[in-house]
Amino acid sequence: MRKTSGAQKSTANASKLSATPRGHRTDLAAKSSPIKSGSASGHDRGSQEALRCRRKFLQFYPGGYRDPDYVELERDYKWNAHEKWCTTLDRITYRSLLRSKKFHEIAHIAVSIESRTNLLFSFEKMAIRDAVHRPAGARTFATALYEYLYGAGPDDKRFENWCASIEALPRRQTRVLTWPIVTVFPFIARPDRYIYLKPTVTREAAKAYGIEFHYESRPNWSTYASLVTFAEQVRRDTRDLRPRDMIDLQSFIWVQGSDEYVA
């Protein structure tokens, strides 16, 4: 998803690509050493669907994951959110705040960091903000997120416990147990390990990629594991483009499924 204000598209950013005819890039993009769109040098080229998706990504970002436009529009704001998390809510700080029972402070920091991105829609931002405003909600959120990020035990059990905790949060109008809310905070905190799920875009991307994606609307481990499998396939298929983390893989998937990117 391109960097925007809130959940709305930024006209200025969106026009950066659309204003330039296909096949004609700005001088900035031209300096990024374009990569051959049909090449997947040094490894299995994969399916025809995967190759089409690769060509689409490189049509918009010829320099791949290092393309200056890609970094500006897709990567930087997500990475900046992660860096902010690392400076205000790293593991040691998080644990210290938990021990001091500063649950509201933890929840406030997490929600504030996400609020500076366009990852959640405005109604989702309001829903999670309202849910953690009360002491009980803040405590549930803060303790459950730490356990998911850093706790012991199998991934599937920790994920299901995290989802159950989100479901238990108080709500006013909009439900908080949604895929974007469940996956956005782990994605910001640890993009080396966790990926973000936007349902419609991800389903469209999986269809375009020719990969099976086991989707259910209610957050569950099976669907999340299926997304991770999808992302790891993209990592293998684009490893010559040197993806750094789940931010790059999520962004590649976004380009395939979003109506912001029409080839």
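Every number in this text was worked out from the coordinates using simple rules, so none of it is lab data. This structure is a prediction, so every number in the text was calculated from the model and none was measured. We place every Cβ from the backbone using ideal geometry, glycine too, and count neighbours over all the protein chains shown.
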For region 105-111, Karplus-derived ³J(HN,Hα) couplings (6.51, -1.76, 1.60; θ = phi - 60°; whole Hz; x for glycine and proline) come out as 5, 4, 4, 5, 4, 4, 5
Regarding region 143-263, what are the three Cα extents along the principal axes, ordered largest first, in Å?
42, 32, 22
Gap in Å between the Cα centre of region 218-263 and the Cα centre of region 127-187?
23
What is the spin-label model distance, in nm, from H133 to C86 if the labels are put 7 Å beyond Cα along the C-beta direction?
3.4
